[in-house]
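Report on the structure given below.
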Amino acid sequence: MNRREVGGRFEGQAAAFLQAAGLEIQEANYRCRLGEIDLVAREGATWVFVEVKYRKTPALGAPEEAVNGAKQLRIRRVAQMYLASHGLPEATDCRFDVVAIDGEGNIRHYRNAFGGI
């Protein structure tokens, strides 16, 4: 299984987890020239941009630790492109979540994991 297939598998698990928690998945793997957002969801009127991280072992640290400042900035910029490309105002209520999955299959959902646009 290549990295894209592995990523897709865990993004699917994260999507199912979020749906069970009441979020509505709008899109998976939104891509634009600036990058990618793993999952775009809605929770009521709030648009939720989700980064999914998986680590087989803790040798490289916890999965959520990989969402560093540079990654957060890239996700914010891609989210701005998403809003614009879907005709949504820049002032749309949104947040950024992280779903971390470890090698044991544990899923941790960090709501509002980092600041908004």
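The values are calculated or read from the model by the stated rules, or taken from the named source; none is laboratory data. Computed from a prediction, not measured in an experiment: that's the story for all the values here. Methodologically, a virtual Cβ is constructed for each residue, glycine included, from the backbone with ideal geometry; neighbour enumeration extends over all protein chains shown. Each accessible area value is taken on the protein alone, full model and side chains, heavy atoms only, with ligands, DNA and RNA left out. Shrake-Rupley method; radii C 1.70, N 1.55, O 1.52, S 1.80 Å.
Summary table
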| item | result |
| --- | --- |
| Residues located in segment 9-28, provided they are at pLDDT below 95 and open to solvent by less than 50 Å² (accessible area, probe 1.4 Å) | Phe10, Glu11, Gly12 |
| Identity of the residue in segment 58-84, outside any helix (DSSP H, G or I) and of a type in the set (A, V, I, L, M, F, W, C), that ends up surrounded by the fewest Cβ atoms within 10 Å (Cβ to Cβ) | Ala62 |
| Qualifying residue in segment 86-98 (condition: in a helix (DSSP H, G or I) and either on the phi < 0 side of the Ramachandran plot or acidic (Asp, Glu) (or both)) | no |
| Filter result (within 14 Å of Lys53 (Cα to Cα) and either polar (S, T, N, Q) or free of Cβ contacts under 8 Å to residues at least 12 places away in the same chain (or both)) within segment 64-117 | Glu65, Asn68, Gln72, Glu104, Gly105, Asn106 |
| Sole residue being crowded, with 17+ Cβ neighbours inside 10 Å, in contact with a Gly (Cβ under 8 Å, 6 or more places away or on another chain), in a strand (DSSP E or B) and among the aliphatic types (A, V, I, L, M), chosen from Val52, Val48 | Val52 |
| Subset tally (residues that are open to solvent by 30 Å² or more (accessible area, probe 1.4 Å) and of a type in the set (Lys, Arg)) for segment 85-117 | 2 |
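Every residue, every condition in (1) among the hydroxyl-bearing types (Ser, Thr, Tyr); (2) over 23 Å from Ala20 (Cα atoms), yes or no:
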site: Thr46; (1), (2): yes, no
site: Leu60; (1), (2): no, yes
site: Arg76; (1), (2): no, yes
site: Pro89; (1), (2): no, yes
site: Phe96; (1), (2): no, no
site: Ala100; (1), (2): no, no
site: Gly116; (1), (2): no, yes
